[in-house]
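Participant: Before anything else, here's the structure in question.
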Amino acid sequence: MRRRPTALLLALLLAVPTGGSVNGATPSPAPAADPVVPRFTEVTRTSGLRHVYDGDWDFFVGGGVALFDCDADGDPELYLAGGERPASLWENRSDPETGIRFARREDPVTDLRSVTGAYPLEIDGDGIGDLVVLRLGEDLLLRGLGDCRFERANERWGFTGGDLWTTAFSATWEEGATLPALAFGSYVDRTDSTKRIGSCAYHRLFRPRPEATSYSEPLLLTPGYCALSMLFSDWSRTGRRDLRVSNDRHYAPKGQEQLWRFAPGEPVIPWTAADGWQPLVIWGMGIASTDVTGDGLPDYFLTNQGDNRLQVLVPGAEGPVYDDLAWELGATATQPAFGGDPLPSTAWHAEFADLNDDTRPDLLIAKGNVEAMEDYAERDPSEILLGRADGTFLRPGRATGVVSFDRARGGAIADLDGDGILDLVLVQRRTPARIWRGIGSGTPAAPVPIGGWVELRLRQPAPNTDAIGAWVEVRTPGRLQARELTVGGGHAGGQLGWIHVGIGDAAEAEVRVTWPDGSESAWLSVGRDRRVIIEKGADAPRPWSPTPP
């Protein structure tokens, strides 16, 4: 594993003001000022949310949460995996005055057992969100009917759910396709009762039939190395969205992280060492992606047992050649940030978001022992890393108020109550899921935002109405942020909805969209603390309002 700074990192560090020379010597770059620490208060008890992800060996992994707006009121709902217990759908009843509130929506269509995770995805282009449900057994596509109602749609869309142990998912749209391409990652082969080392199952890729709204038989991606996360991503900003897969080395000691070349009309084949792809063998749990370094390309945070990884594309590389900058940027999070346990951490879901709205990406890492692994920390709290202006990260520990020693798995970040401040959800193994309300720099009784923000949703004609695969650039004085709109990554769960971008003390931001077909919008002005819809071909953003019943 290489531990050298890239030229890009050196440029970032050397750009920090140094204050001049001393006795003719050039001083080291001055450390960046620490960011304002956003604070959170736990509101699980008053929120009404009551849910546990449970089960024995088959559910040591998984435990994801899907976050999306299924009733078109602007506030996200939660769909949580339950393992041996039923999964559950929770309708959002929150507002800034009364705080975060959820109510259970009971329905046999969604109250499924053996669910390991779920991802929101608008599949059929009707403008109503659907759900992809990962299970120990048959995976399901649930078609949204509006008002948080769903119906089974496997047969409608010609989808064969199989009988595997599914633990990873991602989706993307190919040009001209009627439906999205769906990738499902599997864990240990269920037909191997010995649970022996090396018994990982294959992965499946579903593409739609030509000129039809149904899927062909799945293409099997082999070898499979026990995937726990996967993500379609345009890693090179060339318009091609390849499939990155993060694998758990425990059952695949000869396996490695994978990148599958994915292009319309071409065979799906892995990138290899001959292409520049470097072998990396970790206990891969989750993938989070954003542009950390400011070069306009996605960087990838990979969760692991022990050292986590932060992969950055080597400048000028002709292929997928990456440096690991987790150590240089202070993002390894190798051991618990607090609590006194000296053993290595076990990290699962990871997600980037600007939690203090200072225009720098922050990072949530859900942590927790697999069950009772003696070589890894038992007291292993989930934590938040805060981005500094020089690209490094601060570990504020308990100061955020997010304190839990339960075994976390999945997670989500979103503004749950519409007050403009991001909130947190964690799903935990064998103990109740938890919610923390963001209070910024204020108090639980009076939250105060730290910085300004804009929230965006993209719209384009069917079939890919949510513009999955688009890039959003947000420009404020002295700062340009780039976001890729993806479905996948995390650990067994993800979200689809408002794109929350911090803009610091700017009065407004300029936004430009590179649509999935490669066309670009003009730079569009968005006022501070506004929610807007950006429609393909429109001359200006449209202020958001709830869809009438």
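The values are calculated or read from the model by the stated rules, or taken from the named source; none is laboratory data. The model shown is predicted, which means the values in this text are computed figures rather than measured ones. Heads up, the Cβs are rebuilt from the backbone with ideal geometry, glycines too, and the neighbour counts pull from every protein chain shown. Calculation scope for accessible area: heavy atoms of the full protein, side chains included, ligands and nucleic acids excluded. Shrake-Rupley method; radii C 1.70, N 1.55, O 1.52, S 1.80 Å.
Participant: Rounded to two decimals, what is Rg over Rh for region 343-386 when you use alpha-carbon atoms and the Kirkwood radius?
Facilitator: Numbers: Rg = 12.6 Å, Rh = 11.4 Å.
Here Rg/Rh amounts to 1.11.
Participant: A further question follows. For the chain, what is the accessible area per residue in Å² when the probe is 1.4 Å? Write down the numbers at each step before the final one.
Facilitator: Working: 20410 Å² over 549 residues.
Dividing the accessible area of the chain by its residue count gives 37 Å².
Participant: Right, next: Using only the Cα atoms of region 266-319, build the gyration tensor, take square roots of its eigenvalues as a ≥ b ≥ c, and label the shape rounded, prolate or oblate: rounded if a/c is under 1.5, else prolate if a/b is larger than b/c, else oblate. Intermediate results must be reported in sequence, preceding the final value.
Facilitator: Numbers: a/c = 1.79, a/b = 1.14, b/c = 1.58.
Note, shape of region 266-319 comes out oblate.
Participant: Can you tell me the relative contact order of region 143-210? Whole percent, Cα pairs under 8 Å, sequence separation 6 or more.
Facilitator: That works out to 24 percent.
Participant: Counting only protein chains, not ligands or nucleic acids, how are C200, C148 ordered by accessible area (probe 1.4 Å), most first?
Facilitator: Numbers: C200 25, C148 5 Å².
Descending order: C200, C148.
Participant: Just the number, please: Stokes-Einstein D of the chain in µm²/s, Kirkwood Rh from C-alpha pairs, 37 °C, 0.692 mPa s.
Facilitator: Numbers: Rh = 23.3 Å.
The estimated diffusion coefficient comes to 141 µm²/s.
Participant: Over 16 Å apart: what share of the alpha carbon pairs of region 43-117 falls there, rounded to a whole percent?
Facilitator: On the way: 1401 of 2775 pairs.
That tail contains 50 percent of the Cα-Cα pairs.
Participant: Shape call for region 161-258 from the C-alpha gyration tensor, a ≥ b ≥ c root eigenvalues: rounded (a/c under 1.5), prolate (a/b greater than b/c) or oblate?
Facilitator: Cα axes put region 161-258 in the oblate bin.
Participant: Compute the distribution of all C-alpha to C-alpha distances in region 248-367, in bins of 10 Å from 0, and list the percent of pairs in each, rounded to whole numbers.
Facilitator: 12, 39, 35, 13, 2, 0
Participant: Also, I was wondering about something else. Could the peptides 429-439, 337-347, 276-286, 516-526 be put in order, highest first, of the mean number of other beta-carbon atoms found within 10 Å of their residues? Don't skip to the answer; put the middle values down first.
Facilitator: Working: 429-439: 22.4, 337-347: 17.5, 276-286: 20.5, 516-526: 15.0.
Ranked by mean Cβ neighbours within 10 Å, highest first: 429-439, 276-286, 337-347, 516-526.
Participant: When averaged across all projection directions, what area in nm² does the alpha-carbon convex hull of region 395-448 cover? Mind dumping the intermediate values first?
Facilitator: Working: hull surface 16.8 nm².
Computing the convex hull of the Cα atoms and averaging its projections yields 4.2 nm².
Participant: Tell me the relative contact order for region 229-346 as a rounded percent, counting alpha carbon contacts under 8 Å between residues six or more apart.
Facilitator: On the way: 240 pairs, mean separation 20.8, N = 118.
The normalised contact order for region 229-346 reaches 18 percent.
Participant: Turning to a different aspect of this structure: Within the accessible area of the chain, what % is carbon and sulfur when the probe is 1.4 Å and the other protein chains stay in place?
Facilitator: Details: 10500 of 20410 Å².
The computed percentage sits at 51.
Participant: Let me ask something else. Which residues does the label zone of E217 cover in region 149-182, counting backbone N under 16 Å from a point 7 Å along Cα→Cβ?
Facilitator: 158-163
Participant: What FRET efficiency, computed as 1/(1 + (r/R0)^6) with R0 = 30 Å and r the Cβ-Cβ distance, is obtained for R398 and W523, rounded to the nearest 0.05?
Facilitator: Working: r = 41 Å, r/R0 = 1.37.
Result of the calculation: an efficiency of 0.15.
Participant: Continuing with the same structure: Just want to confirm a number: the relative contact order over the chain, from Cα pairs under 8 angstrom separated by 6+ residues, in percent. Please report the intermediate quantities before stating the final value.
Facilitator: Details: 1606 pairs, mean separation 88.3, N = 549.
After rounding, I find 16 percent.
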